[in-house]
Amino acid sequence: VSRSLRNVIIIELFVPITLLILGIYHGLMQVVYRAGVIHQSSAVKLDYYQGLTLHGVINAIVLTTFFAVSFGHATIFFYLKKEPNKKASWISLGLMVVGTLMAAWAILAGKASVLYTFYPPLKGHPLFYLGTALLIVGSWIPLFDWLVLYRSWKKENPGKKVPLAVLGTLVNFIVWFVCTLAVAYEVLVLLLPWAMGWTPTVNVTLARTLFWFFGHALVYFWLLPAYIMFYTMLPKVAGGKLYSDLAGRIALFLFLLLSVPVGVHHQFSDPNISSTTKWLSTVLTFAVAVPSFITAFTLSASLEYAGRQRGAKGLLGWFGKLPYLDSNRYLFGYMIAGLILFIFGGFTGIVNSSYALNNVVHNTSWLPGHFHMTVAGPVFLAMIAMSLHLIATLRGRKIFLPKVNVIVPYLWMIGVLIFSFGLMWGGLMGEPRRTNLGMTYLNPQNELYHPQWVPSTMLALSGGFIMFLAGMLYFVVFFGTFFRKKTETAGLDLPVSEAYHDEKMVPLFNGFKPWIIVMVVIILIAYVPALVDVLSNSGPGAPPHLPHNPMPGI
Ligand code: HAS
Ligand code: HEM
């Protein structure tokens, strides 16, 4: 690996992991406010919503985008043996860093407490929107470069299967490119002119619809780097093989088809979208769970094979034979802890997407319960594990405190389980999300005091504290590894799983064209009705209540 690419990858990991210190601190503060430990609107000069914005933006937008780009560079180079264009990689990194600094300034100055979803009518400083746009444009650049490398690799290797990790990276960034077009339009055409004072108002539901066109595909943009690791590395570090290579390809292509057209499931309570459009969104969302079910079965079979290779007997003996605490295979611990969390994260997602059940959980603390078992579960654990692996190998450093490192993922997992259980329990009792409970419902001095929410918020507080502790231990390991003396040969090295069933090359699963066409068709089927609803039903006044329809909507 060239010095230039190595430095790009290292900076792309170092910047967000450093910012993450602030992101994790604000996670802790969130549980502290929620549990009514403090009854203030701010702490350490940062306001509640400012802190929540920092938490969501740093953890879920900045860390994930930087990581996806750096991991993309790593997989493309490692599998295709071709270096991405030097200039393009540095321009992309430069745009992402400048964009992040602009948005961070706006938030820290208290001028953009708009949360990571920046729904209008909350209005942020223009630099917040511009910074977000730069971060996104910066992350687009590598895709075009990688596509050139991919095409030349295909020409040189006719009839060979495209490596699964490369396929995953390209699927992920094609989804990212398509979905970010909508948020770029939202930011540049609707929000920025409004924030600059050039337009008097914005169409709120149109902005939300454009945001969620982007927003749910965003969660798969977070997930797919983790899936690439689960398919191409986990079986190897577990001591086995990937059960089926074709299953991985099918799952990835299903994400290409179905990641974007499901965004309306975040808008079940928006009154100007019709029930039919929402029903369609539920059906498509059930469909997008299918590639995750395929993944669950394929990975279980791969892990069972690994367990048996390691001498397991009987039906379930393989569970006990996996390298849970092997500090040389710490990637395994991070990945398995994430997968265990995702069993719960996935099932709660299916509850959310069921149109009628969504009424019960929407905007309650059930939701952060769900998404800390997804984005702060498999996604976060896979990302921080791979960041550590890449930093250690690219800089030729040994892992600092390997025995501590190997328990970090389990501590995090236990923390998330307790934390999310507390939030979901509270959510089912009506606890709202995005609300400083310490000021009102969890303040005994306040007339709104809800003592029945004390146990659930205390549970969330204790889980959140364990997560915070695990996060701090991770920082010690990461920065300890980063700054220790060089003792190993530096280079880019990734674990590679062989396939147990390495099916023949099928042209349909070795290229993108037909899939992209079907993707566009499904997006049109889902989003033309949604946009027609939004544009024809937005105007002054609320849509009428229809007695035959208990759901919000027309
Ligand atoms: Fe979600 C809201 C539905 C997946 C993140 N989601 C959110 C929000 C976030 C988020 C951040 O339909 C909040 C947005 C906001 O701020 O308002 N979500 C789903 C569904 C899925 C899903 C159906 N979500 C994710 C993923 C995320 C994520 C992935 C981040 C990475 N979600 C919703 C809906 C809402 C929502 C509604 C809106 C709710 C509202 O009202 O606002 C599916 O993709 C889930 C499928 C997953 C599975 C699990 C498969 C299990 C696996 C593990 C196997 C384990 C093994 C280990 C092999 C079916 C793969 C075994 C070995 C041992 C040793 C045990
Ligand atoms: C929101 C705690 C780590 C992503 C929240 C909320 C809490 C919380 C309590 C809900 C606030 C509310 O709606 O009332 C924590 C703790 C963490 C942690 C204690 C660890 C110490 C993470 C990580 C990620 C993440 C690692 C992602 C990688 C998010 C997102 C939100 C959120 C996207 C939504 C923000 C919003 O509603 O605008 N967190 N979190 N969190 N968290 Fe975390």
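Here are the numbers for the structure shown:
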quantity: Candidate set from region 348-403 (those that are closer than 20 Å to GLY23 by Cβ and of a type in the set (Gly, Ala, Ser)); member that is surrounded by the fewest Cβ atoms within 10 Å (Cβ to Cβ); calculated: ALA376
quantity: Matching entry among PRO84, PRO142 (being modelled with pLDDT of 95 or more, in contact with a Pro (Cβ under 7 Å, 6 or more places away or on another chain), part of a loop (DSSP other than H, G, I, E, B) and over 30 Å from GLY422 (Cα atoms)); calculated: PRO84
quantity: Pick from region 272-300, criterion over 20 Å from the mean Cα position of the chain (by Cα) and without any contact (Cβ under 8 Å) to a residue 60 or more places away in the chain, ranking: nearest to ligand 1 (Cβ to nearest atom); calculated: SER300
quantity: Residue within region 316-334 that is within 16 Å of ligand 2 (Cβ to nearest atom) and either surrounded by 14 or more Cβ atoms within 10 Å (Cβ to Cβ) or among the basic types (Lys, Arg) (or both) present; calculated: yes
quantity: Close pairs from region 53-69: first touching a residue at least 24 places away in the same chain (Cβ under 8 Å) and in a helix (DSSP H, G or I), partner of a type in the set (Ser, Thr, Tyr) and away from ligand 1 (no atom under 12 Å from the Cβ), Cβ under 6 Å, at least 6 apart; calculated: THR53/SER113; VAL62/THR100; THR65/SER139; VAL69/SER139
quantity: Filtered residue count, region 408-445, keeping only those that are away from ligand 2 (no atom under 13 Å from the Cβ), assigned to a helix (DSSP H, G or I) and touching a Ser or Thr at 6+ places or on another chain (Cβ under 8 Å); calculated: 2
quantity: Those residues of region 241-266 which are of a type in the set (S, T, N, Q) and either outside any loop (DSSP other than H, G, I, E, B) or within 16 Å of ligand 2 (Cβ to nearest atom) (or both), in sequence order; calculated: SER244
quantity: Evaluation of SER269 against (1) assigned to a helix (DSSP H, G or I); (2) within 30 Å of TYR527 (Cα to Cα); (3) near ligand 1 (Cβ under 10 Å from one of its atoms) (one fails), failing number; calculated: (1)
quantity: Residues of region 476-515 classified as part of a helix (DSSP H, G or I), in contact with a helix residue (DSSP H, G or I) (Cβ under 8 Å, 6 or more places away or on another chain) and buried (at least 16 other Cβ atoms within 10 Å of the Cβ), total; calculated: 6
quantity: Count of residues meeting criterion [crowded, with 20+ Cβ neighbours inside 10 Å, more than 16 Å from ligand 1 (Cβ to nearest atom) and in a loop (DSSP other than H, G, I, E, B)] in region 102-124; calculated: 2
quantity: Any hit, region 391-407, residues being within 15 Å of ligand 2 (Cβ to nearest atom) and either touching a residue at least 24 places away in the same chain (Cβ under 8 Å) or among the acidic types (Asp, Glu) (or both); calculated: no
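The values are calculated or read from the model by the stated rules, or taken from the named source; none is laboratory data. The model shown is predicted, which means the values in this text are computed figures rather than measured ones. Here the Cβ is made from the backbone with ideal geometry for all residues, glycine too, and neighbour counts use every protein chain on show.
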